[in-house]
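Some notes on the structure that comes next.
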Amino acid sequence: MPNYRAPRRDIQFVMHEVLAMADHYQTLPGGEDIDAEMIDAILEEAAKFSENVLAPINAAGDEQGCSWNDGEVTTPSGFKEAYAQFVEGGWPSISHSTDLGGQGLPESLGTMINELSGTANWSWSMYPGLSHGAMNTIEAHGTEEQKRQYLLPLVEGRWTGTMCLTESHCGTDLGLLRTKAESQADGSYAITGTKIFISAGEHDMVDNIVHIVLARLPDAPQGTKGISLFIVPKFDVNKDGSLGDRNQVKCGSLEHKMGIHGNATCVMNFDGATGYLIGPANKGLNCMFTFMNTARIGTAAQGLCSAEGAFQGALEYTKERLQMRSLTGPIAPEKPADPIIVHPDVRRMLLTAKSFAEGGRMLVYYLSQLNDTIKRNANSDGAKEAEILLSLLTPIAKAFMTETGLESANLGMQCFGGHGYIREHGMEQIVRDARISTIYEGTTGIQALDLLGRKVLMTQGESLKAFTKKIHQFCKAEAENEAMAEFIKPLIAANKEWGELTVKVGMAAVKDRNEVGAASVDYLMYSGYVTQAYFFARAAKVAQDALVGDTSEADFYNAKLFTARFFFVRLLPRIQAHATTMLAGADTLQGLDEEHFRF
């Protein structure tokens, strides 16, 4: 199993040098006392917990999985104890309001913690991870009584939360859902239906689980306009906050999955379960997007975790594995063969995973920075811009980072050769765990349609312009800096082409709306590469400035420059293939009649 070590210096580089988080926190109400030392202290404690508590139970959790018995679910050995330590350390409450029992720190600090725990043990991290979306939804849309009843135990980590959307017949098309909600005399609702693929839907780590459930009222309009949102607790909650009777919601079975075995993915049966309307009737999907957007950023982080975990495991192995001699002559003549890290193709795989981990880290931490501004400075001009940018970049981050995280996991496994295919080294687990990330919280295709159709074309490109303008401003500021030319020139060209391609796809879509679907995934991947190129250019600028000064970390900053160069010359050119295929036309996909498809 890979010996996980938290990338402390890399995280500090992003937090302190690229994004200037300490300065950012000074602009936020309640963030005035947060400085670099506090950030580093939180990073260190979270790193120790992830390395020493979560990583050691990752492989065993995958081997054991969860067990089901008459609706009750038992988590793998050590999971429950690790969660108790997590709660005791105050980690669930770190990014929530002090009025709700939290510590009042910005959510971006929670993102840093999520990366560490997620890379160490993704299956375990999903249990507290789902709770944040439930908390955000109740905080944003719940009544004062609902907040009083549910938020404190959720914030403290005594309870966990889920979101219950999917049904076997509808998947992403939630307008087809059949779960029904019938009004009761006491103002509650009886919820009846079956939900599938519910992560952390049932487990033994807490006393109560709060399900956020989509259901349809009897007189509701058809489609997505007739969906309402409900709080359905595993145990009823008395007015004094104590637990009452067991509600009529039960885990019918566990899904038999390719990966994330340590997390309970449940079929949940609601048999007239008591639920409480949250938000306006028939506006449930609008309210649920609070949860879904939180989950999408969290899933983007899984792409980062997959790339980081694969890179670490492969790097350690390739330094030790001896095979063949370097093409330029023996590198380790005292040994029977050279370590495989000397071979160019192994370097290609390692550097690809390294690039996607470091680029993904900059992007997802930037999203969390935008989220801080939106939540803490809601009425400021900066918040309005941040909301536009977050809306545009969320589908890019979710889809691009999970696709490249999966690619990195496969490359990490490839570095091991045949040893990567067996369980002993743990690399195949990373691949299996990573595979779901491109599917849940909206597949890559769904995210691509959201990006191109809703976020770009439906805004006449205004949301895209908000981000391409930032890239343009950065490039303009560095235009006369010869040391940055290798990054700025290709970034200017890609940024310009991004806008031109958008216009071309939009014009084609006027004639045939299928052009949007035909171009969307290539458009999203193109967008992801250009977005990460922008952050690598920023990282290169920071590294160059540090090297000009008096630094004791020249090796670190030179490695940053090398990785940025690798991204620009080896990965960014992929955009040309995406540009070609996105303009190939819908006819190349739609022109074959269904009956002419062959086995």
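From its DSSP helices (H runs of at least four residues, each -39,500 (n - 2.57)), the chain gives a residue-normalised ellipticity at 222 nm of -17500 deg cm²/dmol. Candidates Phe487, Leu524, Thr551 compared by Cα position along the dipole of the stretch 460-591: farthest toward the positive end lies Leu524, with charges placed on Cβ. Taking the average, over residues, of other Cβ atoms within 10 Å as the packing measure, peptides 297-307, 177-187, 563-573 rank 297-307, 563-573, 177-187 from highest down.
Return one number: the angle in degrees, 0 to 90 and rounded to the nearest 10, between the long axis of the Cα atoms of helix 381-415 and the longest principal axis of the Cα atoms of the chain. Taking the Cα atoms of the chain, the angle to 381-415 is about 70 degrees. Amide H contacts of Gln103: Ile94, Ser95, His96, each under 5 Å away and 5 or more positions distant or on a separate chain (H built 1.01 Å from N in the peptide plane; Pro and chain starts excluded).
Phi angles of the stretch 256-262 translate, via the Karplus equation with coefficients 6.51, -1.76, 1.60 and θ = phi - 60°, into HN-Hα couplings of 8, 10, 5, x, 6, 5, x Hz per residue; Gly and Pro are given as x.
Size descriptors for the stretch 214-259: radius of gyration and Dmax over Cα atoms are 15.7, 42 Å. Coupling constants for the stretch 293-309 follow from the phi torsions by the Karplus curve (6.51 cos²θ - 1.76 cosθ + 1.60, θ = phi - 60°), and in residue order they are 5, 4, 5, 5, 5, x, 6, 4, 4, 5, x, 4, 4, 4, 5, 5, x Hz; glycine and proline get x.
Remark: Ile388, Ile227 ranked as Ile388, Ile227, counting other beta-carbon atoms within 10 Å and listing the fewest first. Can you give the translational diffusion coefficient of the stretch 368-512 in µm²/s, computed by Stokes-Einstein from the Kirkwood radius over Cα pairs at 37 °C and 0.692 mPa s? Estimated via Stokes-Einstein, D reaches 182 µm²/s.
How big is the Rg/Rh ratio for the chain, C-alpha atoms only, Rh by Kirkwood, two decimals? Present the calculation step by step, with values, prior to reporting the outcome.
Values: Rg = 24.4 Å, Rh = 25.2 Å.
Rounded to two decimals, Rg over Rh is 0.97.
Electrostatic tally near Asp372: other residues with Cβ closer than 14 Å to its Cβ, Lys and Arg +1, Asp and Glu -1, net -3. Evaluated with a Cβ-only charge set (Lys, Arg +1; Asp, Glu -1), the chain carries a dipole of roughly 1340 debye about its Cα centre, given to the nearest 20. Close amide H contacts of Ser326 (hydrogens built in the peptide plane, cut-off under 5 Å, sequence separation of 5 or more or a different chain): Ile331, Asp338.
Backbone geometry of the stretch 229-242 corresponds, through the Karplus equation with coefficients 6.51, -1.76 and 1.60 at θ = phi - 60°, to 3J(HN,Hα) couplings of 10, 9, 8, 10, x, 4, 10, 4, 10, 6, 4, 7, x, 6 Hz, x marking Gly and Pro.
Dividing the mean sequence gap of close Cα pairs (under 8 Å, 6+ apart) by how many residues the stretch 288-451 holds gives a relative contact order of 34 percent. Of the Cα atoms belonging to the stretch 277-432, the radius of gyration and Dmax stand at 21.1, 74 Å. Once you reduce the stretch 535-599 and the stretch 129-177 to the center of their Cα atoms, the two points are 36 Å from each other. By the equivalent-ellipsoid construction on the alpha carbon gyration tensor, the stretch 460-591 comes out with semi-axes of 35, 15, 10 Å, ordered largest to smallest.
Taking Cβ atoms as reference points and 13 Å as the exclusive limit, the residues near Thr443 contribute a net charge of -1, counting Lys and Arg as +1 and Asp and Glu as -1. For the stretch 141-189, the share of alpha carbon pairs falling in successive 10 Å distance bins from zero is 20, 31, 38, 11 percent. Put in line by how crowded their Cβ is, counting other Cβ atoms within 10 Å and starting with the fewest, Cys287, Cys170 read Cys170, Cys287.
The Cβ shell under 10 Å around Met525 holds other residues with a net charge of -1, Lys and Arg each +1, Asp and Glu each -1. Working ranking of peptides 320-326, 2-8, 263-269 by packing, defined as the average number of other Cβ atoms within 10 Å per residue, highest first, is 263-269, 2-8, 320-326.
The distance from the alpha carbon centre of the stretch 253-269 to that of the stretch 207-229 is 22 Å, rounded to a whole number.
Can you give the relative contact order of the chain as a percent, counting alpha carbon pairs under 8 Å and 6+ residues apart? 13 percent. Reducing the stretch 402-462 and the stretch 1-69 to their Cα centroids gives an inter-centroid distance of 22 Å. Taking the charge dipole of the chain about its Cα centre, with +1 at Lys and Arg Cβ atoms and -1 at Asp and Glu Cβ atoms, the residue from Met135, Thr172, Tyr4 reaching farthest to the positive side is Thr172.
Bear in mind that the values in this text are calculations on the coordinates, not laboratory data. The structure displayed is predicted, hence computed values, not measured ones. Don't worry about glycine lacking a Cβ; one is built from the backbone with ideal geometry, like all the others, and counts go over all protein chains shown.
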